[in-house]
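See below for the structure under consideration.
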Amino acid sequence: MEMNFTKLNYYEMLDVKPDVAFFEIRHAYNAALQMYQADSLVSYSFFSQSERKEILTLLEKAYLTLNNEKERQDYDNDLIRLGILTEAAKKSPSKMPVSIFDINRDQCKTGGLKNTDAEFRARIAANERIEKILAKQEIRGGDLKVIRNELAVPLEKIAQKTKVRIDYLRSIEEENIEALPALVFLKGFIKSYLKCLCIEPLDEIYSRYINCLAGLGKKS
Amino acid sequence: MAHIWPIGGGKGGSGKSFLTSALGRLMAGSGKRTLLIDLDLGAANLHTLVDIPYPAKSLSDFVKKKFPLLENVVLETPVPNLFLISGANDTLDIANLPYEQKIKTLRAIAKLGYECILLDLGAGSSFNTMDFFLISQNGIFIATPEPTSIENIHRLIRSIYFRRIRQCFTVMEFKELEGEVVNVFGDGSFNKPECMMQMVKKNHPEIGLKLAGDFTGYRFKLILNQLRKQDDAALGGQICRLIEKHLGLKVEFAGNIAFDDHVHDAICQRVSFLDRYPYTRTACDVRELSNHIISSAGDQLQINYS
Ligand SMILES: Nc1ncnc2c1ncn2[C@@H]1O[C@H](COP(=O)(O)OP(=O)(O)OP(=O)(O)O)[C@@H](O)[C@H]1O
Ligand SMILES: [Mg+2]
């Protein structure tokens, strides 16, 4: 399904098979340029300027790498090591029509939070300071920060796990109303934050926090 | 069961009405009971193209309950087997068609007893136009090889893709999704269906799976009309490849239709272009397209009520 161009490998970018002959690579590059160049009718208005620039840079990189025997060899070895390309697919040209790319493959998981939810819950239950905060009727940004610090979770990890931008997370803790997004978006971000730390009951804590924000003048 | 072909195009003047009437005549000519529906309300002219200068009834008579059944507003055309629901004299604009009436019309269209139904959707991408486009898996996009038209077709395809995703969620759920998309993919991404789809798959895997199934089921087609000699015949195929590669949406390039001044002449004389100029390149293109469209129609009718 929908693909992110930047995550394709060089062969996929140029729409060629890994056993492609060298002369075909130039051909494929030219064909790609026809589609992606700024004056191309094909992709007219399809990309933003910066997207187009990024694609063209990648295509050039792909072309220069695959068109150089030594560099292509190194690149192939990398792909083989990553399990994206098999030795066989490279060496026996077009024997089998099977797809050699797993297009749906996940990105490499870069170490998320190691702590399990159960562990968080246990630590929250055992932590007096957190218990006290959760018992309050008013929950402030600073309170959330205290909880996070008690659990020893850096903000970066929350950003990594929830995919919420770190400056938003920071603004949530700092109650920096100007920097926060519109309420419809904010709602999801706060809940992700709470969920990530297993702060429960989620909806309840959320309302207490958002009510405080509203008191500070956050409007939808 | 009826096959429905919605014909849409981002831009006015790309040839939707011309193509609808030409395809309709060909289908009727091959013995199939064929119905044309002019949904380009407010700018209807299909009736003129099938030689009914003064349509006695129109779609709005059904919408406004002057007639109980959609069948009641069907008009016979001078062409055997060819029928029309006109959009002429319509005081209502399709963009403003109220929700219930849209659903009512969608249901009624799906139930009509014709073999072939062609919808002339008019330009633009209002929600209603998109919902009518999504009534079937056989939607046809038509554009001309000009940047303005390509721009609109890209936008329309993205909007329709987006609209289908939107149909699966409540307002609240969708807002939440939008928020997350912006957050993960950055500011300009909230109207990018490809980003939205990734988010749906992550947060609502079941709906993601269903949608992915829908999108593979679609047999959308692209036709480029009014190609002049100097235009690149490969353009349509490349556009479809681009859409598949970057949106993950399969749109098949169905073919080019050559530009021919005789189209204008035939319309002015109010005669069928295909009958009057059957041996032109353009007429051949249209006939070939018609065969292809009929033979590759999905066998299952699909309706999505939003
Ligand atoms: N293949 C062709 N060659 C030459 N002229 C054409 C061709 N197709 C369409 N035209 C011309 O383009 C004009 C617009 O066509 P048509 O009315 O079918 O467009 P449309 O997409 O329905 O526009 P609207 O959105 O305004 O309803 C017609 O008047 C016709 O003269
Ligand atoms: Mg028209």
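The values are calculated or read from the model by the stated rules, or taken from the named source; none is laboratory data. Everything numeric here is computed off the predicted structure, so don't read it as measured data. Reconstructed Cβ throughout: ideal geometry from the backbone, glycine too, with neighbour counts over all protein chains shown.
General observations
- Scanning segment A:185-220 for residues that are in a loop (DSSP other than H, G, I, E, B) and touching a residue at least 60 places away in the same chain (Cβ under 8 Å) turns up A:L197, A:C198, A:I199, A:E200.
- Note on segment A:4-22: residues that are more than 13 Å from A:L64 (Cα to Cα) and in a helix (DSSP H, G or I) total 4.
- Pick from segment B:2-20, criterion more than 8 Å from ligand 1 (Cβ to nearest atom) and β-branched (V, I, T), ranking: farthest from B:I223 (Cα to Cα): B:I4
- Selection from segment B:131-176 of residues that are part of a helix (DSSP H, G or I), within 11 Å of chain A (Cβ to nearest Cβ) and more than 22 Å from A:F5 (Cα to Cα): B:P147, B:T148, B:S149, B:N152, B:V171, B:M172, B:E173, B:F174, B:K175, B:E176
- Subset tally (residues that are within 14 Å of chain B (Cβ to nearest Cβ), modelled with pLDDT of 90 or more and under 23 Å from A:A122 (Cα atoms)) for segment A:164-214: 7
- Identity of the residue in segment B:186-197, touching a residue at least 12 places away in the same chain (Cβ under 8 Å) and in contact with a helix residue (DSSP H, G or I) (Cβ under 6 Å, 6 or more places away or on another chain), that ends up nearest to the other protein chains (Cβ to nearest Cβ): B:E194
- Subset tally (residues that are buried (at least 19 other Cβ atoms within 10 Å of the Cβ) and in a loop (DSSP other than H, G, I, E, B)) for segment A:164-184: 2
- Within segment B:15-111, helices (runs of 4 or more DSSP H) holding 1 or more residues that are without any contact (Cβ under 8 Å) to a residue 12 or more places away in the chain, away from chain A (no Cβ under 14 Å) and away from ligand 2 (no atom under 16 Å from the Cβ): B:99-111
- Unmet criterion (only one of (1) in a helix (DSSP H, G or I); (2) more than 26 Å from the chain's Cα centre (by Cα); (3) surrounded by 13 or more Cβ atoms within 10 Å (Cβ to Cβ)) for A:K132: (3)
- Per this entry, B:I142 is counted among residues that are of a type outside the set (D, E) and either within 13 Å of ligand 1 (Cβ to nearest atom) or closer than 21 Å to B:I52 by Cβ (or both).
- Hey, A:R26 in a helix (DSSP H, G or I), more than 9 Å from chain B (Cβ to nearest Cβ) and within 27 Å of the chain's Cα centre (by Cα) or not: no
- Within segment B:198-228, if we keep just the residues that are in a helix (DSSP H, G or I) and closer than 11 Å to B:L249 by Cα, the residue that is nearest to the other protein chains (Cβ to nearest Cβ) turns out to be B:A212.
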